[in-house]
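Novice: I have a structure here, written as structure tokens, and I will follow up with some questions on it.
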Amino acid sequence: MRRIGLSYVMISVFALFSVLPACAGVFSKKKAKKVSSYFADKLQGGTAVCGCNDKIDLDEIDAVRESVWECWRKAVNDFNEEKLIAPYAATEPRDTGYWHLPEALEPKAVMPYYFIKKGDMPSDGYPLYLYMHGSGDKEREWETGFRLCASFEDSPSLHFVPQIPNAYGELYRWAIQSKQWAWEKLLRLAFVDGNFDANRVYFFGISEGGYGSQRLASFYADYLAGAGPMAGGEPLKNAPMENLANIAFSLRTGEKDYGFARNYMTYNAAMTIDSLRKVHPDNYMFFIELLPGMGHGIDYSPTTPWLRKFERNPHPAYFYWEDYDMYGRHRTGFYNLRVNETSRENDEQRTCYEVQIADNVITLTVQNVEYTTIEEIYGIPMMFSKKYTPATKGNVTLFLNEQLFDLDKPVKVVVNGKEAYNGMVKPSLKAMAESCAEYFDPERVFPASVDVTIE
């Protein structure tokens, strides 16, 4: 897909539609208007249904995908919001960007950020690193983050370095819903910019930022090439390791970092992901260390140079998604799967989707899981047993592309051992528009889809 520069010029709805032929590409003006209206509604949080049911020939897929992405790019650029500031070299006088977080999610929350540029832009665009600082005085922690990010040997790169808006209670958390809003906005704006490599996005952080980046790594794994929490450690119920198939994961903690049992949680993460790699040796890539003799302060420099070696695979033939709520919110999709109707029986359950794709066959295992705490340390639930039961209800969409499927041949979907679909799947404009709005990802504008009911 060609890269398209970002424009921050705001134009009226009338002006938007007056230039639709440029957005339309292979579309008629009428179709482009439908797609653009659908995207505009989605950006505003609406519930519009995509009315674009036109079928697409296989030899049209690339051209239509390009036009759909261009319509999305225009919709994002024309959406009235605070955009990204221009990145700047760490040696230059610093500029500061500001994002106002939604009042309903976090009252009076203004997130300042630095946006550091290191090196010349590669041909595929800059890798993007999101850094989350530790707890303590937020001004001091933010300045420390700037100095660290400027010093890491990961050039060429861009580092988005935010300051926590409110430094008390649960608001000093990088994974709560207001921050989820910010990170999704960051990804959405970066992806339409054209100067970023969509397959080289990394989340990392220290201490409180380590907790946050570990949680976010599991929650947003389908967007990431890698994640690198440091001096952290989370109970694995908060960050299921299974979700990390296909991304690089680094976790480095001092062996004497006893606070909140961070060392124990790091050890538990290492044992868990190692057991997953034994079953799926090609899918779990990790660099987890308990550093001898070290406490909460460690050497932070190895993390981003290790992460930068890895590139995202946006179309894996295998993935596992434990769909869990993070601070009261579920995601609606993961990789090429979208949930239309949940399979959960109650709020205590989570649904796990395991997807394997081979020879035009999707094998989907859907189970509900309930956790029972079996060990606590310092009052923190630490170890759990899990009870899995096959899901007996729900509905999902599986998006298909030409990287994983031969769309000239029938596609079969097997759900919990039963055939749920077997037939041809015709590419459509609807599948492209819906997947674009769902994932806002240039690598995941899928040309076809299959809806299946879980019984």
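The values are calculated or read from the model by the stated rules, or taken from the named source; none is laboratory data. Predicted model only: the values in this text are computed from it and were never measured. For neighbour counting, all protein chains shown are included, and Cβ atoms are generated from backbone atoms with ideal geometry for every residue, glycine included. Ligands, DNA and RNA are excluded from the accessible area calculation, which covers all protein heavy atoms including side chains. Shrake-Rupley method; radii C 1.70, N 1.55, O 1.52, S 1.80 Å.
Novice: Residues of segment 150-162 being buried (at least 20 other Cβ atoms within 10 Å of the Cβ) and either modelled with pLDDT under 95 or not hydroxyl-bearing (Ser, Thr, Tyr) (or both), which ones? Reasoning before the result, please.
Specialist: Step one: filter segment 150-162 for residues buried (at least 20 other Cβ atoms within 10 Å of the Cβ), giving 152, 154, 157-162.
Hits for segment 150-162 are 152, 154, 158, 159, 160, 161, 162.
Novice: Only one of (1) open to solvent by less than 20 Å² (accessible area, probe 1.4 Å); (2) in a helix (DSSP H, G or I); (3) not hydrophobic (A, V, I, L, M, F, W, C) fails for residue 184. Which number is that?
Specialist: (1) is the only condition that residue 184 fails.
Novice: Can you say whether residue 347 is without any contact (Cβ under 8 Å) to a residue 60 or more places away in the chain, farther than 30 Å from residue 65 by Cβ and within 19 Å of the chain's Cα centre (by Cα), as far as the supplied structure shows? Quick ask: steps written out before the conclusion?
Specialist: Details: without any contact (Cβ under 8 Å) to a residue 60 or more places away in the chain: yes; farther than 30 Å from residue 65 by Cβ: yes; within 19 Å of the chain's Cα centre (by Cα): no.
No: the conditions fail for residue 347.
Novice: I would also like to ask the following. Criterion first (over 14 Å from the mean Cα position of the chain (by Cα) and part of a loop (DSSP other than H, G, I, E, B)) does residue 205 satisfy it?
Specialist: Values: over 14 Å from the mean Cα position of the chain (by Cα): yes; part of a loop (DSSP other than H, G, I, E, B): no.
No; evaluated as a whole, the condition is false for this residue.
Novice: Would you tally the residues in segment 111-137 being out of contact with any helix residue (DSSP H, G or I) (no Cβ under 7 Å at 6 or more places or on another chain), more than 23 Å from residue 192 (Cα to Cα) and either of a type in the set (Gly, Ala, Ser) or surrounded by 13 or more Cβ atoms within 10 Å (Cβ to Cβ) (or both)? Quick ask: steps written out before the conclusion?
Specialist: To start, the set of residues in segment 111-137 that are out of contact with any helix residue (DSSP H, G or I) (no Cβ under 7 Å at 6 or more places or on another chain) comprises 112-113, 115, 117-127, 136-137.
Remaining after also requiring more than 23 Å from residue 192 (Cα to Cα): 136-137.
Adding the requirement that they be either of a type in the set (Gly, Ala, Ser) or surrounded by 13 or more Cβ atoms within 10 Å (Cβ to Cβ) (or both) leaves 136.
The number of residues fulfilling the criteria is 1.
Novice: When both residues are 6+ apart or on different chains and their Cβ atoms are under 8 Å apart, which pairs have a first residue that lies in segment 35-47 and is part of a helix (DSSP H, G or I) and of a type outside the set (Gly, Ala, Ser), and a second that is modelled with pLDDT of 95 or more and open to solvent by 30 Å² or more (accessible area, probe 1.4 Å)?
Specialist: Listed pairs, sorted by first residue: 43/79.
Novice: When you scan segment 295-322, how many residues do you find that are part of a loop (DSSP other than H, G, I, E, B), over 16 Å from residue 338 (Cα atoms) and of a type outside the set (Gly, Ala, Ser)?
Specialist: The total comes to 11.
Novice: Going through 313, 283 one at a time, which residue ends up being under 30 Å from residue 365 (Cα atoms), open to solvent by 20 Å² or more (accessible area, probe 1.4 Å) and either out of contact with any Phe, Trp or Tyr (no Cβ under 8 Å at 6 or more places or on another chain) or among the hydroxyl-bearing types (Ser, Thr, Tyr) (or both)? Break it down into steps so the answer makes sense when it comes.
Specialist: Working: 283 fails: either out of contact with any Phe, Trp or Tyr (no Cβ under 8 Å at 6 or more places or on another chain) or among the hydroxyl-bearing types (Ser, Thr, Tyr) (or both).
On inspection, the qualifying residue turns out to be 313.
Novice: How many residues are assigned to a helix (DSSP H, G or I) and touching a Gly at 6+ places or on another chain (Cβ under 9 Å) if we restrict to segment 149-181?
Specialist: Our first condition is that a residue be assigned to a helix (DSSP H, G or I); within segment 149-181, this holds for 149-151, 169-171, 177-181.
Next, from what is left, pick out any that are touching a Gly at 6+ places or on another chain (Cβ under 9 Å): 177, 179.
Qualifying residue count for the region: 2.
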